[in-house]
1. Return the total of residues in the range 90-134 being surrounded by fewer than 15 Cβ atoms within 10 Å (Cβ to Cβ) and within 23 Å of the chain's Cα centre (by Cα).
2. Does residue 197 count as within 16 Å of the ligand (Cβ to nearest atom) and within 22 Å of residue 7 (Cβ to Cβ)?
3. Can you name every residue in the range 169-192 that is surrounded by fewer than 17 Cβ atoms within 10 Å (Cβ to Cβ) and under 12 Å from residue 231 (Cα atoms)?
4. Is it the case that some residue within the range 183-203 is under 21 Å from residue 22 (Cβ atoms), out of contact with any strand residue (DSSP E or B) (no Cβ under 7 Å at 6 or more places or on another chain), free of Cβ contacts under 8 Å to residues at least 60 places away in the same chain and not in a loop (DSSP other than H, G, I, E, B)?
5. For the range 202-234, which positions are away from the ligand (no atom under 14 Å from the Cβ) and surrounded by fewer than 16 Cβ atoms within 10 Å (Cβ to Cβ)?
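Taken together, the values in this text are just the output of simple stated rules run on the coordinates, not laboratory data. Since this is a predicted model, take the numbers as computed values, not measurements. Here the Cβ positions follow ideal geometry from the backbone for every residue, glycine too, while neighbour counts run over all protein chains shown.
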Ligand SMILES: [Zn+2]
């Protein structure tokens, strides 16, 4: 066989594989998104409750912080009261103590309400959690598989390009430009297999004499109809 023809066949095999891998890599982010949004949609109720619980807990911590600050103020007002040297100072601290106590009591009521809410939400979350978590593990396993696939694909691409360069370099510049041109026009398939007196890419019938020449593979023959370089697989 013409050495250029066998190089071209290898080159096209490499290019077809590069194209397949690139398509696979490009499809991964959408697959990832789909998986994540499917999880979010299927578990919306649970995730909403979980969010409400998180918010209630944050709110509770904030109120507890306020109570602590208010209690420190109360201690200070009490100390002021002890140190009061006249009626005016004394009655001021009495008023401040009273206000602080009311504020603390109001905050404590809010905390109690929140604790009831937290208890209910927490019970719901705990009940459903094992089931949802196992679904989440399942999803993350799948996401990891995509990640592994993406890495393997990147490695494959590197080695395919390493294979491609010497194949391309040994072609004559004329053959190389034919291949490049046809590859662009025919979306990556510059070559077509000839079988049963037909071009498999465009189904055009090949005359017996031409078919025999293709079978011998001594020269580069292009399809009269689609222009692809024809080859015969023995
Ligand atoms: Zn053809």
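1. Selection size over the range 90-134: 2.
2. Details: within 16 Å of the ligand (Cβ to nearest atom): yes; within 22 Å of residue 7 (Cβ to Cβ): no.
Against the criterion (within 16 Å of the ligand (Cβ to nearest atom) and within 22 Å of residue 7 (Cβ to Cβ)), residue 197 does not qualify.
3. none
4. Yes, the range 183-203 contains at least one residue that is under 21 Å from residue 22 (Cβ atoms), out of contact with any strand residue (DSSP E or B) (no Cβ under 7 Å at 6 or more places or on another chain), free of Cβ contacts under 8 Å to residues at least 60 places away in the same chain and not in a loop (DSSP other than H, G, I, E, B).
5. 208, 209, 212, 215, 216, 218, 219, 233, 234
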